[in-house]
Structures are given as structure tokens and as C-alpha cells.
Amino acid sequence: GENVEQHPSTLSVQEGDSAVIKCTYSDSASNYFPWYKQELGKGPQLIIDIRSNVGEKKDQRIAVTLNKTAKHFSLHITETQPEDSAVYFCAARYNQGGKLIFGQGTELSVKP
Amino acid sequence: DVKVTQSSRYLVKRTGEKVFLECVQDMDHENMFWYRQDPGLGLRLIYFSYDVKMKEKGDIPEGYSVSREKKERFSLILESASTNQTSMYLCASSSGPAVAFFGQGTRLTVV
């Protein structure tokens, strides 16, 4: 069935280092892949997304890459800062019904 | 500014009670969603709606129902609350299935 696997579940980095979170999806027809950041006590917020006709997208310190052949996509955060600490979710949009299927989440901790 | 508002941040209900979770969006979005968030499981879709009076089951609809009488309001109903429905509930809306704006969440505890 439809599934999105996200790794790692927790990630701890030093301020200034890079962080990478990876997701794999099961439906080769998926065509849209958003990433969300959820800060403590808040709902998830869209931070970047990528469509299946693009291999990479950047927005300042964050970037997302997509490998359609391998059916995986990744979030890259460079020069991490303590305010990047949050739970990050990946998602994939499946054609049937157009609904989003979410990964399990990654708790990122950036230590000053 | 885009806004999805959930009526309660925290709720404590007793087993067997009928529970209503309300969600309102002010963006004139057609699509609204209810998700449940549990540690290690991510966000799981309970129900969604693409139009007024329309509803579709998500991945975990059992024990829940929804109501969408007006475009801006989408209610989640727990017909008879059980302890395994203790969770964080998130409402979202979008103008297409691609992007979702989330509310701040309702943490429900069933005792």
C-alpha cells in the first residue's frame, strides 16, 4: 500500500553543521513531495516542496533533492542554528485522491 | 495571513462521551483534512472533504465521523470516545491537494 518511510527518527547536530533527513516512498506515481517543520506546541508548517519534474530545489539554507528512480527524497539543512530544532515531516502526494501520506517524523536537535 | 483555527488546544473527556473537535479556516479553501498525530507514527489521515457536505474516509476512519455544513468549517466527531483515541488532532486546509495549512492542534486526553 501507500507508504512513506522517514529516517532517522532523531538527529542531533552541532550548531553550524549540516543535517540530512531521508524519506522513501512506495508509489512511483507520486508527483509532489513537501516538507514540514513542527515547533513545540504548534501545527506543522510547510518549509519547502518539490515536484516530480525537478531534481533539486533550494531556499537559502534548506534544500530538497529527489531521486525518482530510487523513489527517495531528502531534506538538507546547512549551517544549522538552534532555531532549526524541531520535528520535521516529509510527505508524498499520491495520485489516488491526491492525499498526502506523511513520514514518521524526525526530531532534530541543534546544540549550541 | 493564512489561518486555520481549532477550537480547543487541550481537551479532557471521559470514555464513552461524544466529542466534537471544531476547525475553521478563513482562506476560502475547498479542501479540509483531519489528521491524528502519534509519536513514531507521523500524521495519519482520518477524514477529508473536497467540498461542502462531502466527505471521504482517510486511512484510519474507524470510531470517527465528520461534518462539513459550511465551506469554512470542518468538524471531527468521536461518537463514543475511547482511551486509544487519546492523541494530538490536527486540522488542515488547502486550495488544492498539494499544500496544506495546519491548525495549532488539539491535544485530546480520554480518561
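Here, each number is a calculation from the coordinates, and none is a lab measurement. Because the structure is predicted, anything quoted here is derived from the model rather than measured. Cβ: placed from backbone, ideal geometry, glycine included. Neighbour counts: every protein chain shown.
Quick check: convex hull of the Cα atoms in the protein assembly as shown, volume per residue, rounded to a whole Å³?
Numbers: hull volume 26.8 nm³, N = 223.
Hull volume normalised by residue count: 120 Å³.
Percentage of Cα-Cα pair distances in region A:1-68 greater than 17 Å, rounded to whole percent? Let's see the in-between values first.
Numbers: 1195 of 2278 pairs.
Cα-Cα pairs in region A:1-68 separated by more than 17 Å: 52 percent.
Max-minus-min Cα coordinates of region A:63-112 on each principal axis give 43, 20, 13 Å, with the largest extent listed first. If you take the alpha carbon atoms of region B:68-111 and fit the smallest convex hull around them, that volume is 92 Å³ per residue.
Mean projected area of the convex hull spanned by the Cα atoms of region A:14-112, taken over all viewing directions: 6.3 nm². Divide the volume of the convex hull around the Cα atoms of region B:5-111 by the residue count and you get 89 Å³ per residue.
Work out the mean other chain Cβ neighbour count within 10 Å for the residues of B:27-39 and drop it here as an integer. Numbers along the way, then the final one.
On the way: counts 0, 0, 0, 0, 2, 0, 2, 0, 4, 0, 7, 2, 5.
Taking the mean over all residues of the peptide, I get 2.
Overall, chain A carries a charge dipole of about 380 debye about its Cα centre when +1 sits on the Cβ of Lys and Arg and -1 on the Cβ of Asp and Glu, all other atoms neutral.
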